[in-house]
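Here's the structure, in structure tokens; my notes come after.
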Amino acid sequence: MKNSISIKADIQRNKLNSKGEYQIYIFLNTTINSKRIRKQLYTGYNIVPELWDSAKGQIKNVVGADMANSEISTMLAKLYKIKVQLELQNKVCDPALILEIFSNDNYEVEANDYISFVKKDLQDSRKDYSLKYYKDMLMNLDMLKEFCGEQLSFEEITPTFLNKYRYYLEHEKKNKTNSIYQKLTTIRKFVNEAIKQNLTKNYAFKDYQLKTEQVEKEYLELHEVEALHKLYKRSDTPERIKVTLHYFLLSCYTGLRLSDIKRVTKESIVNNSIILKTQKTGSQVRIPLNNASQSLLNFDLDGIKLFERTIKQSNSRITTDLNDALDLIGIKAKKITFHCSRHTFAINSLVLGIPIEVVSKILGHSDLKTTQIYAKVVDSLMNREMDKWNNISFPS
């Protein structure tokens, strides 16, 4: 957001010292949200008013003026450079921010430092991230710092650097292919953001191949979801499992992530659909409520609440609860996490004949290719089911 700001040197006319001199300041003036803002920076020089050239904003031609004017010009140049950098980043030219940057001796280094950039971006955007995503980003950053140290300039991020880091993750940290992929795409995400803000033009990922491997997505079949729902309704089911199943089942019926389910309120329900901007991607989804999902929402609660109990368990505790629930309904062969519910929704929706484009939109996928991964699982499932015909003995 650009705003007009004036930066100029002048004397502080209302403060005359005992020697009859005025202090020379650099004044920064602007208007933000209809509010006039004025900040000042002392240059370290004083002058009698007769020797100050207001039109030129400098000391008149007297002994010692050249050195003083040169230093003031250097300060002005640095302030103008900061102003231009903020404008290129589409940021508000707040005088207080400009002076804060001006006083930071490490600003030039930090402005070109990937690690400093990521820290600041995460801090500035904290409210937009789920706690899990935020922690994952910090863990990725810590891993990178273990490899390269506390500073990494954007220019150092080259294909060679990425290959060395990938080797380190694979052989030193024993990361799997998809874990390495996730860490490298995180670097790509923040490099792209830095390019948008004109902090760098270096893009190491242009011809760099990121490797992934297909892993089988664990999911529950419809009869298994039904059995869990019956367990949720039973009076003898442990309370901790009930709370976890409440949220898990709603995800099985809607495809919403846990971070988004927690944000669903009465205000999110419009025309019998959940309308919500997802926390992870920022995309808006509209999910028609089926009968099963409606049975999990309590519209009789006071205020905007729809859930009697808030899920507060850690991820590991949620995983334990879910697998204990599977044990209670006699499913021993599967081990699931909460994210399995999203796979369950996608795969069963496709099995039920819902078009892949509709499933993709509900899941908030920006690319249909992401949803097609589930279609491959469905194809494999159909082939497995069709193979059952081979178990029938036909007369020769």
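The values are calculated or read from the model by the stated rules, or taken from the named source; none is laboratory data. For clarity, every value in this text was computed on a predicted model and none was experimentally measured. For neighbour counting, all protein chains shown are included, and Cβ atoms are generated from backbone atoms with ideal geometry for every residue, glycine included.
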Q: Run down Ser314, Ser295 and say which single residue is surrounded by 14 or more Cβ atoms within 10 Å (Cβ to Cβ), assigned by TED's automatic domain parsing to the domain that holds Val243 and hydroxyl-bearing (Ser, Thr, Tyr).
A: Ser295
Q) Is it the case that some residue within region 84-91 is surrounded by fewer than 18 Cβ atoms within 10 Å (Cβ to Cβ), out of contact with any Lys or Arg (no Cβ under 8 Å at 6 or more places or on another chain), part of a helix (DSSP H, G or I) and not assigned by TED's automatic domain parsing to the domain that holds Leu169? A) yes
**Q.** Top-ranked residue of region 142-155 - restricted to ones that are touching a helix residue (DSSP H, G or I) at 6+ places or on another chain (Cβ under 8 Å) and in a helix (DSSP H, G or I), ranked as nearest to Phe117 (Cα to Cα)
**A.** Phe154
Q: Only residues in region 326-345 that are at positive phi count as the first member; pair them with residues that are at pLDDT below 95, Cβ under 9 angstrom, at least 6 apart or cross-chain, and list the lot.
A: none
Q.
Going by what's in this entry, would Ile329 be described as closer than 13 Å to Tyr253 by Cα, of a type in the set (Val, Ile, Thr) and assigned by TED's automatic domain parsing to the domain that holds Ile261?
A. no
Q: Kindly indicate whether Ser316 is free of Cβ contacts under 8 Å to residues at least 40 places away in the same chain and within 20 Å of Ser130 (Cβ to Cβ).
A: yes
Q. Where residues in region 242-267 are of a type in the set (Gly, Ala, Ser) and under 18 Å from Arg309 (Cβ atoms), which of them is modelled with the highest pLDDT?
A. Ser251
Q: Determine whether Thr177 is polar (S, T, N, Q) and farther than 27 Å from Ile82 by Cα.
A: yes
Q.
Would you confirm, using the coordinates I've provided, whether Lys230 is at pLDDT 95 or above and on the phi < 0 side of the Ramachandran plot?
A. yes
(Q) Residue under question is Thr254, and the condition is that it be surrounded by 13 or more Cβ atoms within 10 Å (Cβ to Cβ), touching a residue at least 60 places away in the same chain (Cβ under 8 Å) and over 19 Å from Leu228 (Cα atoms); does it hold? (A) no
Q. If Leu88 passes every condition in (1) free of Cβ contacts under 8 Å to residues at least 24 places away in the same chain; (2) within 30 Å of Gly282 (Cβ to Cβ) but one, which one does it miss?
A. (1)
Q.
I'm told Ser393 meets every condition in (1) outside any loop (DSSP other than H, G, I, E, B); (2) more than 28 Å from Gln279 (Cβ to Cβ) except one. Can you identify the failing condition by its number?
A. (1)
Q: Identify all residues within region 123-137 that are without any contact (Cβ under 8 Å) to a residue 40 or more places away in the chain and in contact with a Phe, Trp or Tyr (Cβ under 8 Å, 6 or more places away or on another chain); write none if there are none.
A: Arg126
Q) Within region 49-83, which residues are over 23 Å from Lys15 (Cα atoms) and assigned to a helix (DSSP H, G or I)? A) Asp66, Met67, Ser70, Thr74, Ala77, Lys78, Leu79, Tyr80, Lys81, Ile82, Lys83
**Q.** Residue that is closer than 30 Å to Ile187 by Cβ and surrounded by 11 or more Cβ atoms within 10 Å (Cβ to Cβ), where the choices are Ala9, Ala65, Ala111
**A.** Ala111
Q.
Please return the ranges of helices (runs of 4 or more DSSP H) entirely within region 194-273 where 2 or more residues are of a type in the set (D, E, K, R), under 27 Å from the mean Cα position of the chain (by Cα) and under 26 Å from Val358 (Cα atoms).
A. none
Q.
I'm told Val191 meets every condition in (1) assigned to a loop (DSSP other than H, G, I, E, B); (2) more than 30 Å from Val378 (Cα to Cα) except one. Can you identify the failing condition by its number?
A. (1)
